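The values are calculated or read from the model by the stated rules, or taken from the named source; none is laboratory data. These numbers come from a predicted model, not from an experiment. Quick reminder, even Gly has a Cβ in these numbers, built from the backbone with ideal geometry, and neighbours come from all protein chains shown.
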Amino acid sequence: MALAVTADAIRTLHRMQRQLTDLRDQLEAGPRRVAARTKLVEAAEARLAAVNDEVRRAKIAADQKQLQLKSAEAKIIDLEAKLNACKTNREYQTLRDQIAADRMATKVLEDEILEALERVDATRGQVPAADAELTTARRGLADAKADVDAKTAALTSEVERVNRDLEAAEHELPEDSRDVYRRVVKSKGADGMAVVDGQSCGGCSQQITGNMVAELSMGRVVACRSCGRLLYLAK
Ligand SMILES: [Zn+2]
């Protein structure tokens, strides 16, 4: 009986359309997963670059202090050479004071150099962790890509299969019902159909009339008057 086929067909079509929606959602989730993993790799790359940059700057700072120390030491040697050439005691004393002051300054520089070298070591110590983080992030991205590729192939062939079944099921509909069905699916997709829940539309919960239930029982295509979804009776 053609009419009874119609009622069953809407139920089957709804199931297939939902299946397709679910498969497409899963397909779309793949690139999002890869994009999220790519972001993690980029963040890890940025952190490693920042750590390396910090190491470079700490080294430059230490080198500068060492240069300052060298020139300060050279200046002291210079001043010491001048001590013998002093003509007066006063001149001699002034030079001695100057040398003492410069030696104090070099002591401060030496402390600063130690601190600067410690900073180089400390920042260098952060490199392995940042390196490891990047390696882990890259592996995660590669794994996600491989997984998504494999799933995409499986999902795509599943979509093709359901689409073929769907086409066959759509052919089961009488022509006039098929037009109504196509219009509804075009605007609402899988959400264009709903099961009758007691005496209500399962899509919008609006009550449906007894007459509509009777028509459904006869296998006719009935649309909810409130939301336009095509209805079918629960099995
Ligand atoms: Zn409704």
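Numbers below:
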item	result
Odd one out for Val180, checked against (1) within 17 Å of Asp8 (Cβ to Cβ); (2) in contact with a strand residue (DSSP E or B) (Cβ under 8 Å, 6 or more places away or on another chain); (3) part of a loop (DSSP other than H, G, I, E, B)	(3)
Count of the range 184-197 residues which are away from the ligand (no atom under 12 Å from the Cβ) and either surrounded by 12 or more Cβ atoms within 10 Å (Cβ to Cβ) or assigned to a loop (DSSP other than H, G, I, E, B) (or both)	3
Residue check, Ser187 modelled with pLDDT under 95, closer than 14 Å to His14 by Cβ, out of contact with any Asp or Glu (no Cβ under 8 Å at 6 or more places or on another chain) and not aliphatic (A, V, I, L, M)	no
Residue satisfying condition, being within 38 Å of the chain's Cα centre (by Cα) and on the phi > 0 side of the Ramachandran plot, within set Gly140, Gly189	Gly189
Count of the range 224-235 residues which are among the aliphatic types (A, V, I, L, M), surrounded by 18 or more Cβ atoms within 10 Å (Cβ to Cβ) and farther than 18 Å from Gln19 by Cβ	1
In the range 143-176, the residues that are more than 35 Å from the chain's Cα centre (by Cα), part of a helix (DSSP H, G or I) and closer than 19 Å to Arg18 by Cβ	Asp165, Glu167, Ala168, Ala169, Glu170
Hits in the range 198-221 - residues which are within 10 Å of the ligand (Cβ to nearest atom), closer than 26 Å to Leu20 by Cα and either hydrophobic (A, V, I, L, M, F, W, C) or in a strand (DSSP E or B) (or both)	Ser200, Cys201, Cys204
Filter result (more than 15 Å from Asp111 (Cα to Cα) and not hydrophobic (A, V, I, L, M, F, W, C)) within the range 66-87	Ser71, Lys75, Asp78, Glu80, Lys82, Asn84, Lys87
